[in-house]
Each structure stands twice: as structure tokens, then as C-alpha cells.
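The values are calculated or read from the model by the stated rules, or taken from the named source; none is laboratory data. Predicted, not measured: the structure shown is a model, and the values here were computed from it. So basically every Cβ, Gly included, is an ideal-geometry build from the backbone, and we count neighbours across all protein chains shown. Protein only, heavy atoms only, side chains kept; ligands, DNA and RNA dropped before computing areas. Shrake-Rupley method; radii C 1.70, N 1.55, O 1.52, S 1.80 Å.
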Amino acid sequence: MVIKFIENLLSENWDETFENPVSCVVCSSKLLLLKKFYRLTPFIISNAGCQAVTNLASVHHAIKNYNLKLISIIDTNSSKIKELISSEYPAGEFEFKSIMKIYEENYEIIAPLYEDEKLLNSAFLELNIDFQIETIKKIPEFEKLISQGNLTVCGFIFDTEKAYGTSPSFYLINYNGITDPEEIKQIDSLKSLSENILNLKVKRIHIQV
């Protein structure tokens, strides 16, 4: 079921036959505007910053009560990091604290690499998703499930800005903390996906070496 969910998301073959939740999805609120998205992902935790860290209790509740095998962290690159971190709303200083830290710690390193603003924004979104996944992996309850092979944590970008391809689509950018697309493609559990999906939909802007 986990691989089927990933395949449907990446191929846009929207399977509406799932009667029970397959994945707990933490996503940007903008994604709720996508047709069919809610029907594919019935257990959704949505917020403007795609923040799992501030919703760990809800994520744990979903995993425990629905026996889910997949946590999907999904953002869309129509979300602008600069808009979030420049929020003048007082609560934003708390909710977007991790995003602000990622931006401040990486700007001088990443900014010179990407002159195109949409590529730069996508790179920061990737780093944000990486941070959410690494935080989840460090929580003992989740760490145990992942180490036993009973839980997978994936990061996706919905590419409305066409930074990854020629049309809006979902891309897999992180699998259990693995961020190199070539390494992701070699993961045994993903080998049931078609070579076409793996080559076209497993991509990343910022690959750390």
C-alpha cells in the first residue's frame, strides 16, 4: 500500500478506491485546493509552512490510531519562503521558527548557486522538508517503527513553478532521510515502480555532498 500511494502520487493516477487512510500527510495548505488531493490523502495535517514539527502529537495520533505505514511531508513551490519568514503576525515567529533558522543558516551558501528565484525557493523548501523528516526520525516512537521497517517517511514537492519538469507534478525528493535521487532510485522497496516514474519523478534541486 505504501508503494501504491507513492506511485499514484508520482504518476498522477489518482486511485480513489482506498477506504482507509494509507498515509498521514503534512502539507502546505495550498495543496488542499488541488482537485482529488483530499480523496487520495484522507488524513491531512495542513499548515502554511508545511510543519510537521509543530504537529508531532497529531502525527503520532494518526500513526497509532490508523496503523499507518507512511508519513508524507508535501509542499508546493508556489509557497514562498521569504513570505513566511517575513510574516509580521506575532505567532509566525514561533510557528515558522525552524524555517527562519534554515533560511538564515543556509542563505549565504545556497543563494550564489541559484540565480533563478524559483530554483532558490525550491531548494529552501527541500531543506525545510529535510528538517521535518530528520526531526520525525529522532523521535523514539517513530525511530523504532522506521528501524523495524514498519514506517516510511517521504518528502514530496508539488512543482507548480515547473522547476523540476515541464508541467505541474509531484516529485519525490526525500525517502527516510535519503536525499540523493540516485540513491533513492536504488531502494529495494521502490524497485516495483516503473523505470519511467523513477527517472522522471525522483528529482531534487539541492543535492548536498
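Taking the stretch 155-170 on its own, how many of its residues are open to solvent by less than 30 Å² (accessible area, probe 1.4 Å) and either out of contact with any Pro (no Cβ under 9 Å at 6 or more places or on another chain) or assigned to a loop (DSSP other than H, G, I, E, B) (or both)?
So the count comes out to 9.
Can you name every residue in the stretch 54-70 that is among the hydrophobic types (A, V, I, L, M, F, W, C) and either in contact with a Lys or Arg (Cβ under 9 Å, 6 or more places away or on another chain) or buried (at least 17 other Cβ atoms within 10 Å of the Cβ) (or both)?
Initial filter on the stretch 54-70 (among the hydrophobic types (A, V, I, L, M, F, W, C)): 56-57, 59, 62-63, 68, 70.
Within the stretch 54-70, LEU56, VAL59, ALA62, ILE63, LEU68, LEU70 meet the criteria.
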Would you confirm whether or not the stretch 136-150 contains a residue that is in a loop (DSSP other than H, G, I, E, B), in contact with a helix residue (DSSP H, G or I) (Cβ under 9 Å, 6 or more places away or on another chain) and open to solvent by less than 20 Å² (accessible area, probe 1.4 Å)? no
Of all residues being within 23 Å of ASP159 (Cα to Cα) and not small (Gly, Ala, Ser) in the stretch 80-98, which is modelled with the lowest pLDDT? Just the residue, please. PHE96
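Kindly establish whether LEU119 is of a type in the set (A, V, I, L, M) and out of contact with any Asp or Glu (no Cβ under 7 Å at 6 or more places or on another chain). I'd like the intermediate steps shown before the answer.
Values: of a type in the set (A, V, I, L, M): yes; out of contact with any Asp or Glu (no Cβ under 7 Å at 6 or more places or on another chain): yes.
Yes.
Would you be able to tell me the number of residues in the stretch 112-122 that are of a type outside the set (D, E, K, R), under 20 Å from SER78 (Cβ atoms) and either within 18 Å of the chain's Cα centre (by Cα) or exposed (fewer than 13 other Cβ atoms within 10 Å of the Cβ) (or both)?
Final tally of qualifying residues: 4.
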Among the residues of the stretch 86-106, count how many are open to solvent by less than 90 Å² (accessible area, probe 1.4 Å) and under 16 Å from GLU126 (Cβ atoms). 5
